[in-house]
Structure formats: C-alpha cells, structure tokens
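Peer 1: One structure, pasted below without further comment.
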Amino acid sequence: MSKYVLRETALHLLTRIGEQGGFSHVLLDREIKKQNLSPQDGGLLTEIVYGTLQRRDLIDYYLQPYLSKQKKLKPWVKWLLYMSVYQMKFLERVPDHAILHEAVEIAKKKGHKGISSLTNGVLRNVQRNETRDLNEISDPIERIAVETSHPKWLVERWREQYGEEITTKMCRANMQHLPMSVRIQPLRTSRSAAIDELERDGYEVKKSIFSDQGLIVSKGNILNHPLFIEGKLTVQDQSSMIVAEMMDLEEGLTVLDACSAPGGKTTHIAEKMKDTGQILAYDLHDKKAKMVSKKAEQLQLTSIEAAQADSRTLQDIHPEQSFDRILLDAPCSGLGVLRGKPDIKYHKKEEDIFSLRKIQDDLLEHIAPLLKEDGKFIYSTCTVDQHENEEAIQYFLNNHPDFSIDPDFVTDLPKPLQQSEGLSEYGLQIFPYQWDTDGFFLTRLVKK
C-alpha cells in the first residue's frame, strides 16, 4: 500500500471513530484484514490512528494559535490536521516534508483549493514554530488533562479518589503503547517450549509475573505465528490473566462465568482445571456467547458450555448453591483499558459510571445465591474507578453478611502484587503504570 493511500485510510478511520464513536480496535482490525495489509503497513496505520487518538486534545492545544481566526472546520479537515501534527511531532521516522505533501494532496482531493491552502499554511506554521508551552495553563488539573488528552472531569474524579501523584502517573501511562501479552495453552505446549520456538523465529519474549502461562511479546507479530494460528497460545492482557490464577481452581469443579465474552478468562479457567469439570459461560448477547464457543474450539477445550442469558435471571435456570466457583467480570466503564482503546475516554460520561454501577449491583445480588457454601466468588472489572470497584464490594458486603473477603486473598496473589499500592481492604486495584498492563480490579469473596 502506498503511504498516500495508507494516510487516506487513517483519516477515514479517525473521522469515523472521532465523530461517530466507532470502536477503534474493531475498525482497525477490520480494515487491516480487508486490505490485507503487510505487518509494516498495518503497524504504521495502527500507530497513526492510536497515536492521534491518544493525543487528540494535546494536538488541538498545539493547533489553536493557527486556527483561532477560522470558522468551524469540517470534521475530516480537523482530523487531517490532527493526524499530520501527530506524525510531525511524535513519529521521528517520517520526514515532515512527506507528511506535509501528502496532507495537502488529501486536502485537494477531498476539498477545494482553500482547504488545501489552509492545511499547507497551518502545518508549515507547526513545522517552523516551537510547540505551545503547557505552562500557559495555570490550573494543574486542566494542564494534566490537556497534556495527556483526558477529559477534565475524569482527571478531577481520579484526583479525588487517588490523589494528584497517582492520577498524573495513570494519565501519562495511558499515553504509552501497551505491550502485547499472550497466554499459552498448557495442555498443548509449555511456556519454555513456546519461548524457545518464538525466539528461534526472531521474536523477543519474556515471562509474565501475573501467570505461569503468560508471556510478554516485545518484538514480532504474534498473530502471524503458527503457535497462535494453531491455538497453542492466545492473546490476553496480563492483568486479566490473574483472574483464573486467583480462583483457586482444581479438577472437576462446577464453575460459572457470568459475563464471559470474548472468552479469554473462560478458557483460562478451563486450562487451569485441565479441561475437566463443567464451566458454564453466559453472555447477554448470543453473538458474544458464540465468540466464547469459538475461542474454546480454537484452543481445543471441551469443558465449556457457552449460552446466551441475562445473568441477572440465572436463578431461573440454576438452583441456589449450584457452583463451586463463580466469576463475575462485570460490565464496566472500561477506564482501565485506555492504552489499547483510547477512544473510550472521549465518549464516556461521568453519569455512565453510575448507571453501570446499578447493573453491577444487580448482577452481584442475583448471582451470589448460586455459590455453594465455602465456595469462592471472584469479582473483577477493567476499570480504575472506585465507585465500580471497592465501593461496589463494600455495598454488597454490607448487605450480605454471609459473604466476606477471602482472608487468603492477599497471600495468594503473585508476590510482587502482595505489597501493591493498589491494595485495600476490599481488593486489589492494578494501575496501568505499575506493571505495564491495563488497569484492572479484582477481589475474592467467600461464602460462609
């Protein structure tokens, strides 16, 4: 693919995601497959789209002095300027003259002479002049919000919950590339064998501290490797691997995964149980439940039964005390996964957190009776908001005296996590800057 066509594709995706709210990871993956892009072109397209989204507000701040006299720009013109400035300021391997030339050509093709002249003038000003100083912003919260392109309400909310230092580190971590991590299928290969094979093929990998099945891939496109294609390993963020590790699993158990799609945690549970026992995996949407079945098939696991159901109604299907272990990976705001899905931060509103919390409370209330006495219940989310995490668990425990935090929860964590600053009396909050992972929360409850 020519770089001109690649940048046209990037502009199309950015305008779609930025203005209509499409999911960046889904649309990118679809476009890469549709155009059958080479790993190099796919990597550059991903870099431009994700990088521009991650730094949208900062780039806008840089551009404002050159756009102050302009009337409202068409969305595609705005995103053309954003992606061009991103490449000029943050991608060293692409020369400015090439970026500028292609931006002007795209403006000519999509607009008229006035727009191409505007594009040329603005980008030449950006090229010639120093970037605007962030110290012009006197409010420290607004400054970190602009610097890291997070909405101000979110930065204020995190500061109230965690203080300015953790908030700043978290926001800055969300601007960094998230390393690829994978989990081996231990019934079909070993971690050492996978490492040997990947390193022979030129990949750079290291072991994860979160799971003895986890690997971090720092070089190489793992999606093209036979181990992935053959279902001997699967992509999963390190932070979510800890869920199955903390479920205290053994062979022959009956396990409920109440919100299971796309199936990463479900299949990990099956692997930990050596594909024995019974794992019932539900999802609200039939299409997503089928994704779980497909992932189980890819990994050659047979102990998983996936089906569509609203997990708030599972008591209509299963009697009380049916399960030895329950996982509720609850629907949440997703504010822990901004490194891999930067568009989330622009489309979420504060009220979304409160409406999601109602769903989380309902799920906990209706699923908890399905746990056997002395059973274990894992609650997890991919967010870093206390209202959805610690406060949800505190509220549940206050209303269910037959449940408590498992006293062995902390000592069963991987050793590096046992002294984490994210530990509280209600669980473990993993921050995205700590171990180069997504932000994640989990806790383990026991039924007395």
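The values are calculated or read from the model by the stated rules, or taken from the named source; none is laboratory data. Please read all numbers here as calculations on a predicted model, not as lab measurements. All Cβ positions, even for glycine, are placed from backbone atoms using ideal geometry, and neighbour counts span all protein chains on display. Accessible surface areas use protein heavy atoms only, side chains included; no ligands, DNA or RNA. Shrake-Rupley method; radii C 1.70, N 1.55, O 1.52, S 1.80 Å.
Peer 1: Within the range 267-284, how many residues turn out to be over 22 Å from the mean Cα position of the chain (by Cα) and part of a helix (DSSP H, G or I)?
Peer 2: The number of residues fulfilling the criteria is 3.
Peer 1: Among (1) farther than 29 Å from GLU373 by Cβ; (2) in contact (Cβ under 8 Å) with a residue 12 or more places away in the chain; (3) not hydrophobic (A, V, I, L, M, F, W, C), where does TYR282 come up short?
Peer 2: Status for TYR282: all satisfied but (1).
Peer 1: I'd like the full set of residues that are closer than 17 Å to LEU364 by Cβ and within 21 Å of the chain's Cα centre (by Cα), limited to the range 296-338.
Peer 2: Selection gives LEU327, LEU328, ASP329, ALA330, PRO331, CYS332, SER333.
Peer 1: Open to solvent by 20 Å² or more (accessible area, probe 1.4 Å), more than 15 Å from SER240 (Cα to Cα) and touching a helix residue (DSSP H, G or I) at 6+ places or on another chain (Cβ under 6 Å) - does that describe any residue in the range 429-446?
Peer 2: Looking for residues that are open to solvent by 20 Å² or more (accessible area, probe 1.4 Å), more than 15 Å from SER240 (Cα to Cα) and touching a helix residue (DSSP H, G or I) at 6+ places or on another chain (Cβ under 6 Å), one finds at least one in the range 429-446, hence yes.
Peer 1: With the condition kept exactly as written, say whether any residue in the range 391-398 is open to solvent by 30 Å² or more (accessible area, probe 1.4 Å) and in contact (Cβ under 8 Å) with a residue 60 or more places away in the chain.
Peer 2: No, there is no match, as no residue in the range 391-398 is open to solvent by 30 Å² or more (accessible area, probe 1.4 Å) and in contact (Cβ under 8 Å) with a residue 60 or more places away in the chain.
Peer 1: Please go through (1) out of contact with any Ser or Thr (no Cβ under 9 Å at 6 or more places or on another chain); (2) modelled with pLDDT under 95; (3) part of a loop (DSSP other than H, G, I, E, B) for LEU178 and return the number of the only condition it doesn't satisfy.
Peer 2: With respect to (1) out of contact with any Ser or Thr (no Cβ under 9 Å at 6 or more places or on another chain); (2) modelled with pLDDT under 95; (3) part of a loop (DSSP other than H, G, I, E, B), LEU178 is out only on (1).
Peer 1: For the range 254-266, which positions are open to solvent by 30 Å² or more (accessible area, probe 1.4 Å) and not in a loop (DSSP other than H, G, I, E, B)?
Peer 2: Those that are open to solvent by 30 Å² or more (accessible area, probe 1.4 Å) and not in a loop (DSSP other than H, G, I, E, B): THR254, LYS265.
Peer 1: Working only within the range 31-45, note down all residues that are open to solvent by 40 Å² or more (accessible area, probe 1.4 Å), without any contact (Cβ under 8 Å) to a residue 60 or more places away in the chain and either over 14 Å from ARG93 (Cβ atoms) or in contact with a Gly (Cβ under 9 Å, 6 or more places away or on another chain) (or both).
Peer 2: Passing the criteria: ILE32, LYS33, LYS34, GLN35, ASN36, SER38.
Peer 1: Same structure again: Any residue at all in the range 290-305 that is open to solvent by 30 Å² or more (accessible area, probe 1.4 Å), out of contact with any helix residue (DSSP H, G or I) (no Cβ under 7 Å at 6 or more places or on another chain) and of a type in the set (A, V, I, L, M)?
Peer 2: Checked against the condition, which is being open to solvent by 30 Å² or more (accessible area, probe 1.4 Å), out of contact with any helix residue (DSSP H, G or I) (no Cβ under 7 Å at 6 or more places or on another chain) and of a type in the set (A, V, I, L, M), the range 290-305 yields at least one hit.
Peer 1: Still on this structure: Which ones in the range 125-143 are surrounded by 14 or more Cβ atoms within 10 Å (Cβ to Cβ), assigned to a helix (DSSP H, G or I) and either modelled with pLDDT under 95 or acidic (Asp, Glu) (or both)?
Peer 2: Listed by number, the residues that qualify are VAL126, GLN127, GLU142.
Peer 1: When both residues are 6+ apart or on different chains and their Cβ atoms are under 8 Å apart, which pairs have a first residue that lies in the range 126-142 and is in contact (Cβ under 8 Å) with a residue 60 or more places away in the chain and under 19 Å from LEU67 (Cβ atoms), and a second that is surrounded by 15 or more Cβ atoms within 10 Å (Cβ to Cβ) and of a type in the set (Asp, Glu)?
Peer 2: Listed by first residue and then by second, the contacts come to LEU134/GLU147.
Peer 1: Answer with yes or no whether LEU73 is more than 20 Å from ASN224 (Cβ to Cβ), among the hydrophobic types (A, V, I, L, M, F, W, C) and surrounded by fewer than 18 Cβ atoms within 10 Å (Cβ to Cβ).
Peer 2: Yes, satisfied.
Peer 1: Among residues belonging to the range 10-30 that are surrounded by fewer than 21 Cβ atoms within 10 Å (Cβ to Cβ) and β-branched (Val, Ile, Thr), point out the one that is nearest to MET88 (Cα to Cα).
Peer 2: Going through the range 10-30, the residues surrounded by fewer than 21 Cβ atoms within 10 Å (Cβ to Cβ) turn out to be 12, 15-16, 19-23, 25-30.
Remaining after also requiring β-branched (Val, Ile, Thr): 15, 26.
On the way: THR15: 19, VAL26: 26 Å.
Among those that are surrounded by fewer than 21 Cβ atoms within 10 Å (Cβ to Cβ) and β-branched (Val, Ile, Thr), it is THR15.
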